[in-house]
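Here the structure is laid out as structure tokens; the discussion comes afterwards.
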Amino acid sequence: MLHEYILPRLTGLDEKVFLAGYAVLAITFAGYALPRMLQTDYLLAGIAAGCLATSYLIDIVLPFTPQHTLYEDVAKLSGIIFWAAYALSVFREVTNMQRGRLL
């Protein structure tokens, strides 16, 4: 809702400007984090990125209807769930490595 309603009303800019900004931020983050992520079990992160990219594409390509909004929200929620699962798996790996150092 931030890029659909709030930011365009506050700034007068089109929603597509904010979507392009999201894409730039995602690419910047991926470029920065990718070398480190490749050292982890990155399958969950890849699925999350795919789900979030699908949500992004649905928002850009399909018209704004309740059915398409449902598709977008399901893809977005799936991406968030997979990203959280990835973050928890990395946290578990780091915790296990730290325990090994302490023993």
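Taking each residue of segment 9-33 that is of a type in the set (K, R) and looking for partners that are assigned to a helix (DSSP H, G or I) and surrounded by 10 or more Cβ atoms within 10 Å (Cβ to Cβ) with beta-carbon atoms closer than 8 Å, six or more apart or interchain, yields K16/I60. Just a yes or no: is a residue in segment 59-81 in contact with an Asp or Glu (Cβ under 8 Å, 6 or more places away or on another chain) and at pLDDT 90 or above? Yes, segment 59-81 has at least one match.
To keep it simple, each residue is scored yes or no on (1) free of Cβ contacts under 8 Å to residues at least 40 places away in the same chain; (2) open to solvent by 60 Å² or more (accessible area, probe 1.4 Å); (3) closer than 18 Å to Y22 by Cα.
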{"residue": "D41", "(1), (2), (3)": "no, yes, no"}
{"residue": "L44", "(1), (2), (3)": "no, no, no"}
{"residue": "G50", "(1), (2), (3)": "yes, no, yes"}
{"residue": "A53", "(1), (2), (3)": "yes, no, yes"}
{"residue": "P66", "(1), (2), (3)": "yes, yes, no"}
{"residue": "T69", "(1), (2), (3)": "yes, no, no"}
{"residue": "K76", "(1), (2), (3)": "yes, yes, yes"}
{"residue": "F91", "(1), (2), (3)": "yes, yes, no"}
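In summary, R36 fulfils each of the numbered conditions (1) out of contact with any Leu (no Cβ under 7 Å at 6 or more places or on another chain); (2) in contact (Cβ under 8 Å) with a residue 24 or more places away in the chain with the single exception of condition (2). Only one entry in D41, D73 is under 26 Å from N96 (Cβ atoms) and acidic (D, E), namely D41.
Checked against (1) exposed (fewer than 14 other Cβ atoms within 10 Å of the Cβ); (2) modelled with pLDDT under 85; (3) of a type in the set (A, V, I, L, M, F, W, C), V24 passes all but a single condition, namely (2).
The set of residues from segment 32-58 being at pLDDT below 90 and among the small types (G, A, S) comprises just one member, A33.
The values are calculated or read from the model by the stated rules, or taken from the named source; none is laboratory data. Just so you know, these numbers come straight off a predicted model, no measurement behind them. We place every Cβ from the backbone using ideal geometry, glycine too, and count neighbours over all the protein chains shown. For the accessible areas, the whole protein counts, side chains as well, though only heavy atoms, and no ligand, DNA or RNA atoms are used. Shrake-Rupley method; radii C 1.70, N 1.55, O 1.52, S 1.80 Å.
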